[in-house]
Amino acid sequence: MTDILMFRHGPTVWNAEKRMQGWSDISLSEQGIKTVRKWHLPNEWIEVPWYVSPLQRAQQTAELLGQEKFEIEPLLIEMSWGIWEGERLPELRERLGPEMEEMEALGLDLCPPDGESPRDVQKRLKPFLNRIAKSNQSIVAVAHKGILRALYADATNWDMRVKPNEKIRDNCAHLFQVSPTGEISVKTMNISLLQSTEFFPRPLQHTK
């Protein structure tokens, strides 16, 4: 089995403004840098392989946590919001009205114009999950909220039409497990990065 400790990048100005970022390459804000500097990870998690989204906000987060060696993983890029990038949800709802209601009711199949649906993201992530499943070791992934939501939905059969059983919180890491055949499951959600690492789960110790 393979464990994935995954967390979202630190905050950006667009996060503070509640704008859809998607593939837009927005850097961490000054407040975001201060926030990530308050995060704590056990040293054992620094020593395992790290996979990081190609967007600078994720790479900056890894570097601020003291990780100098990581692999850029293109499949971990945020869900594309297409022509909606830079928009805010309340304004979209007001402008599109019933059309937006119908789109949001699609859950996993909500697909912005020229963008991706969460189901598309799940399919995109499969080769990554299959690849790391073969490694039989613990890894860290620094990614995005859309990636976390897609993985959580895959692991729990959440269709995104209703609220999830567990809220995916910021300033937290989330521990998933991948089977040898690439199926994902939840181990522990919402592990605080702002508290002592005393009770933080440790990486799996595999014996050869």
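The values are calculated or read from the model by the stated rules, or taken from the named source; none is laboratory data. Not measured: the values here are computed from a predicted model. When we count neighbours, we look across all protein chains shown, and the Cβ atoms used for this are built from the backbone with ideal geometry, even at glycine. With ligands, DNA and RNA removed, areas are computed over all heavy atoms of the protein, side chains included. Shrake-Rupley method; radii C 1.70, N 1.55, O 1.52, S 1.80 Å.
Can you compute the modelled spin-label distance between K123 and R95, with each label point 7 Å from Cα toward Cβ, in nm?
Those two pseudo-labels are separated by 2.7 nm.
Ordering Y51, Y152 by how much accessible area each has at a 1.4 Å probe, largest first, what is the list? Numbers along the way, then the final one.
Working: Y51 35, Y152 5 Å².
If we order Y51, Y152 from most to least accessible, we get Y51, Y152.
I'd like the accessible area for R93: 1.4 Å probe, protein heavy atoms, all chains in place, Å² to the nearest 10.
Number for this one is 110 Å².
D for region 1-72, whole µm²/s, Stokes-Einstein with Kirkwood Rh over alpha-carbon pairs at 20 °C and 1.002 mPa s: what number? Provide the component values of the computation, followed by the final result.
Working: Rh = 12.9 Å.
Reported coefficient: 166 µm²/s.
Would you kindly find the accessible area of L108, with a 1.4 Å probe and non-protein molecules such as ligands, DNA and RNA excluded, rounding to the nearest 10 Å²?
L108 exposes around 20 Å² with every protein chain in place.
Give, as a single signed number, the net charge of other residues whose beta carbon lies under 11 Å from the beta carbon of L5, with Lys and Arg counted +1 and Asp and Glu -1. Present the calculation step by step, with values, prior to reporting the outcome.
Details: positive: K187, R202; negative: D3, E44.
My count for the surroundings of L5 gives 0.
Treat each spin label as a single point 7 Å out from the Cα along the C-beta direction, and report the D109 to E44 distance in nm.
Output for this residue pair reads 4.4 nm.
Rounded to a whole number, what % of the accessible area of region 1-152 do carbon and sulfur atoms account for, probe 1.4 Å?
Values: 3560 of 7120 Å².
Using a 1.4 Å probe with all protein chains present, region 1-152 comes out at 50 percent carbon and sulfur.
Among DSSP bridges having both ends in the chain, what percentage is antiparallel? Round to the nearest 5.
Roughly 55 percent of the beta bridges in the chain run antiparallel, per DSSP.
Taking all protein chains in place and a 1.4 Å probe, what share, in percent, of the accessible surface of region 163-203 do carbon and sulfur account for? Mind dumping the intermediate values first?
On the way: 1130 of 2410 Å².
On region 163-203, the fraction of accessible area on carbon and sulfur atoms equals 47 percent.
Whole number in Å², please: accessible area per residue of region 1-72, 1.4 Å probe, ligands, DNA and RNA not counted. Before the final figure, lay out each step's value.
Details: 3510 Å² over 72 residues.
With the other protein chains kept in place, region 1-72 gives 49 Å² per residue.
Could you work out the local net charge near D25, counting Lys and Arg as +1, Asp and Glu as -1, over the other residues with Cβ closer than 12 Å to its Cβ?
On the way: positive: R57; negative: E78, E85.
Local charge sum for D25: -1.
Which aspartates and glutamates have a Cα less than 14 Å from the Cα of K18, not counting those fewer than 8 places away in the same chain?
E85, E87, E91, D170
Mean projection of the alpha-carbon convex hull of region 46-158 over all orientations, in nm²?
Projected over every direction and averaged, the Cα hull of region 46-158 covers 8.0 nm².
For the cross-link pairs K123/K145; K126/K187; K34/K187, which exceed 25 Å when the distance is taken from alpha carbon to alpha carbon?
On the way: K123/K145 16 Å; K126/K187 19 Å; K34/K187 29 Å.
Beyond 25 Å between Cα atoms: K34/K187.
In whole Hz, what ³J(HN,Hα) sequence does region 38-44 give by Karplus (6.51, -1.76, 1.60; θ = phi - 60°), x for Gly and Pro?
Each residue's phi maps through the Karplus curve to give 8, 6, 10, 10, x, 4, 4 Hz.
Rounded to the nearest 20 debye, what is the charge dipole size of the chain about its Cα centre when +1 sits on each Lys and Arg Cβ and -1 on each Asp and Glu Cβ?
Details: 26 positive and 29 negative charges, 124 e Å.
It comes to approximately 600 debye.
Would you mind pulling out the separation of the Cα centroids of region 1-68 and region 107-184, in Å?
Region 1-68 and region 107-184 have Cα centres separated by 16 Å.
Residue by residue, what Karplus-based ³J(HN,Hα) values in Hz, rounded to whole numbers, does region 185-190 have, using 6.51, -1.76 and 1.60 with θ = phi - 60° and x for Gly and Pro?
Per residue, the Karplus-derived 3J(HN,Hα) values read 9, 8, 9, 8, 9, 6 Hz.
Could you tell me the ratio Rg/Rh of region 97-208? Both radii from Cα atoms, Rh via Kirkwood. Let's see the in-between values first.
Values: Rg = 15.9 Å, Rh = 15.6 Å.
Rounded to two decimals, Rg/Rh equals 1.01.
Determine which residues of region 3-40 fall in the zone a paramagnetic label at E87 would reach in this model, i.e. backbone nitrogen under 16 Å from the point 7 Å along Cα→Cβ.
Under cut-off, by backbone N: 18-24.
How do 140-149, 83-92 rank on mean C-beta neighbours within 10 Å, highest first?
Peptide ranking by packing, descending: 140-149, 83-92.
Can you work out the Karplus-derived ³J(HN,Hα) for every residue in region 111-122? Use 6.51 cos²θ - 1.76 cosθ + 1.60 with θ = phi - 60°, whole Hz, and x for glycine or proline.
Along region 111-122, the couplings run 10, x, x, 6, x, 10, 8, x, 5, 4, 5, 4 Hz.
Over region 95-150, how many percent of alpha carbon pairs lie in each 10 Å bin up to the one with the longest distance?
19, 41, 24, 11, 4
If each Cα of region 146-197 is one equal point scatterer, what is log10 of I(q)/I(0) from the Debye formula at q = 0.17, 0.30 Å⁻¹?
-0.55, -1.25
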